[in-house]
Amino acid sequence: NAGVTQTPKFRILKIGQSMTLQCTQDMNHNYMYWYRQDPGMGLKLIYYSVGAGITDKGEVPNGYNVSRSTTEDFPLRLELAAPSQTSVYFCASRVSDQPQHFGDGTRLSIL
Amino acid sequence: KNEVEQSPQNLTAQEGEFITINCSYSVGISALHWLQQHPGGGIVSLFMLSSGKKKHGRLIATINIQEKHSSLHITASHPRDSAVYICAVSSYGGATNKLIFGTGTLLAVQP
């Protein structure tokens, strides 16, 4: 049982490049979330999904896009990378009223 | 003012000491969560509680709903307890169980 798997673990991008952060869970959880974690700040919600085909914006969605074509996968897309998007990104999932399960994070630097 | 406040921000303890980390919140909640994040690592859920007290090994979490306050206690602390401890709350309403996070308490336990 792998839980929540995020890839890649580290990435360096140039300004203006695009990339997709992958998130997969094998627990059949319906709810999935993307967060960013910046130094000295609490985690901020970027996007979330309540099930396949349903996504919605969180607190800080600008510059990002998501899709949820299957229950298992919830990729996060950066279209035009900007230095302000340098952060650690966490994907999480949950079912019912249980605690969220988090992935190990993706550390992204944009130079 | 943040909706979830933690104190202290940083804490250094000697091995064996009893440790308390505090969390205050200003919104109505359905549950409060304590999370652990080791340096460079992922995030693990320690407790989810809506009333009273929970215990797991050397960790104890309490919540006072009337005072909007929770504490995380670590008994007989050990260097492996060194981590960031994050308090988060699930606010009322909706099915999304979105979390509001504190900024974390960095704990260092010295041998």
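Odds and ends about this structure:
- For chain B, with +1 on Lys and Arg beta carbons and -1 on Asp and Glu, the positive-most of B:H69, B:G16, B:L99 along the dipole: B:L99
- Dipole magnitude for chain A: computed about the Cα centre from +1 point charges on Lys and Arg Cβ and -1 point charges on Asp and Glu Cβ, it is near 340 debye.
- Computed from the alpha carbon atoms alone, the convex hull of the range B:25-88 holds 85 Å³ per residue.
- Approximate spin-label separation B:K53-A:S96, in nm, with each point projected 7 Å along Cα-to-Cβ: 2.7 nm
- Peptide B:98-105 has a mean shielding of 5, counted as Cβ atoms of other protein chains within 10 Å of each residue's Cβ.
- Computed from backbone phi with θ = phi - 60° and the Karplus coefficients 6.51, -1.76 and 1.60, the 3J(HN,Hα) list for the range A:97-111 is 9, 7, x, 6, 9, 9, x, 7, x, 10, 9, 10, 10, 10, 10 Hz; x is used for glycine and proline.
- Dipole magnitude of the protein assembly as shown, debye to nearest 20 (Cβ charges: Lys/Arg +1, Asp/Glu -1, about Cα centre): 120 debye
- The relative contact order of chain A comes to 36 percent, based on Cα pairs under 8 Å that sit 6 or more residues apart.
- Site pair A:N65 and A:R77 shows an inter-label distance of 0.3 nm when each label is modelled 7 Å from Cα along Cα→Cβ.
- Compared with its chain on its own, the range A:16-43 contains the following residues whose accessible area drops by 50 Å² or more in the full protein assembly (probe 1.4 Å; ligands, DNA and RNA excluded): A:L43.
- Solvent exposure of the protein assembly as shown as accessible area per residue, Å², 1.4 Å probe: 48 Å²
- Pairs exceeding 20 Å between alpha-carbon atoms, taken from A:K44/B:K98; A:K14/B:K98; A:K57/B:K98: A:K14/B:K98.
- Test item: A:63-71 mean partner chain Cβ contacts at 10 Å: 0
- Per residue of peptide B:12-22, the mean number of Cβ atoms on other chains within 10 Å of the residue Cβ is 0.
- Those chymotrypsin sites (Phe, Trp or Tyr not before Pro) in the range B:1-98 that DSSP places in a loop and that have at most 13 other beta carbons within 10 Å: B:F18, B:Y92
- Pairs of alpha carbons in the protein assembly as shown separated by more than 26 Å make up 37% of all such pairs.
- For the range B:22-48 versus the range A:19-52, the gap between their alpha-carbon centres in whole angstrom: 16 Å
The values are calculated or read from the model by the stated rules, or taken from the named source; none is laboratory data. Just so we're clear, the structure is a prediction, and the values are computed from it rather than from any experiment. Methodologically, a virtual Cβ is constructed for each residue, glycine included, from the backbone with ideal geometry; neighbour enumeration extends over all protein chains shown. What goes into the accessible areas is simple: the full protein's heavy atoms, side chains included, and nothing from ligands, DNA or RNA. Shrake-Rupley method; radii C 1.70, N 1.55, O 1.52, S 1.80 Å.
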